[in-house]
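Here is the structure we will look at, set down as structure tokens.
The values are calculated or read from the model by the stated rules, or taken from the named source; none is laboratory data. A quick note: this is a predicted structure, and the numbers were derived from the prediction, not measured. Note that we place each Cβ from the backbone using ideal geometry, even for glycine, and neighbour counts take in every protein chain shown.
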């Protein structure tokens with residue numbers, strides 16, 4: 001527009017306020033000649049003077065630049081467009097901040113679990129790892145709470161609109177997921193709190209106990225945190241719905257219908273939660289409890305592995321005396337029933353032949369230590385006679401003995417009987433004898449039986465563990481199908497209401 005039109009507009013505004021050019025110049029802090037040049041169109045006000053002129057004459061800067069008053073409807077349209085544009089920018093920034101918050105909190109939670117696992121398994125400092133991981137989890141929750149509060153504050157107040165409701169709902173959902181994730185992660189790292197100082201779990205145990213703890217944390221999420229959130233949403237929806245009913249005369253019917261739809265959404269969420277808890281939560285808790293119990297039982301049960309016993313002797317005779325030393329055979333009457341012949345074509349160094357003795361009166365306290373079988377005339381006891389090779393100064397000769405000692409009934413694995421001649425360093429005579437005699441044998445029969453029973457129990461527990469996992473997998477597949485069917489039934493009334 002031309003300076004002349006702006007000048008005429010400024011002159012009309014001054015006159016409408018009852019100011020002279022000198023009075024207006026004094027109020028604006030300029031000379032009366034400057035005011036006169038503005039009003040004649042010889043010059044136009046500097047842009048820095050526009051706010052002062054607008055305040056003095058009670059108009060807007062846009063009206064001064066246009067040289068005329070802007071209609072109220074047009075002004076409202078411009079203001080509304082500006083507000084909507086500003087609100088759109090604010091919502092977009094809020095969504096960006098929300099996404100950044102979720103990624104940051106998720107990274108802190110994951111880092112807490114990984115750091116605890118690394119310190120506990122690699123550095124063998126599980127307790128220190130637990131406290132460091134706890135700091136990460138606490139930081140995740142604190143960051144989420146602070147950012148959520150800041151975003152809610154930025155979208156509240158005068159800028160309240162329909163878009164802010166979606167942002168607030170997204171913030172509530174994000175904070176709920178952050179809390180649930182951190183509770184589950186806390187359950188994962190919690191077993192490390194029970195490890196003594198300067199000790200740590202192996203990776204397998206840390207992962208196993210961590211998964212059990214995470215399942216417990218997930219149970220807390222399902223049984224405590226999520227019902228609390230549903231209850232709070234229901235109360236908020238009821239309050240909003242009641243407010244809508246109270247103000248039905250002054251509010252649009254569409255808003256009342258929106259509040260009613262929000263209430264129906266909350267009710268459907270409650271139904272969905274009860275269905276999911278029945279189909280997924282309870283089977284998960286039962287399976288987790290069974291798996292944890294079986295894992296603890298397997299951990300506490302011996303693995304069925306044993307080590308051989310080894311005994312060294314100074315001479316071959318002392319080794320034979322040990323093998324044939326038996327209170328049962330020395331103190332109780334017995335007779336030889338049968339004995340296998342020594343095989344002439346034996347191909348192994350260590351050979352054994354089965355020998356059976358009959359005890360007319362067998363003592364019960366020795367029954368667990370020997371292989372016994374009750375007969376008509378008494379108790380038959382089976383022992384073995386062992387044949388081995390002895391090396392004396394490089395020349396080999398065979399010898400044998402009966403393994404009567406109760407410690408040897410688990411079976412002899414290896415026999416070494418070597419004797420070497422030596423020299424007396426003082427006078428050079430051959431009167432030093434160096435002997436290498438030893439027996440390697442399995443544990444006694446009672447210990448072997450206990451190991452075998454433990455092995456069978458351990459195998460049974462492992463099969464039971466696989467069976468529980470398999471049953472839960474089948475239950476999960478059935479639960480998914482049933483849940484999808486019920487979810488489809490819930491969506492039908494939702495579409496009708498929509």
| Going by the conditions given, is residue 226 assigned by TED's automatic domain parsing to the domain that holds residue 181, surrounded by 14 or more Cβ atoms within 10 Å (Cβ to Cβ), modelled with pLDDT of 75 or more and closer than 29 Å to residue 473 by Cα? | yes
| Single match in 253, 206 (criterion: more than 26 Å from residue 148 (Cβ to Cβ) and modelled with pLDDT under 80) | 253
| said: Please verify whether residue 235 is at pLDDT below 70 and either closer than 24 Å to residue 176 by Cα or in a helix (DSSP H, G or I) (or both), treating the condition exactly as stated. | reply: no
| query | Hey, which of the strands (runs of 3 or more DSSP E) in the stretch 368-412, taking only ones fully inside, have at least 1 residues that are over 56 Å from the mean Cα position of the chain (by Cα), crowded, with 17+ Cβ neighbours inside 10 Å and touching a residue at least 24 places away in the same chain (Cβ under 8 Å)? | reply | 379-392, 395-403
| note | Picking from 87, 101, the residue that is modelled with pLDDT under 75 and surrounded by 14 or more Cβ atoms within 10 Å (Cβ to Cβ) would be 87
| remark: Every listed condition ((1) part of a helix (DSSP H, G or I); (2) over 30 Å from residue 369 (Cβ atoms); (3) at pLDDT 80 or above) holds for residue 457 save (2)
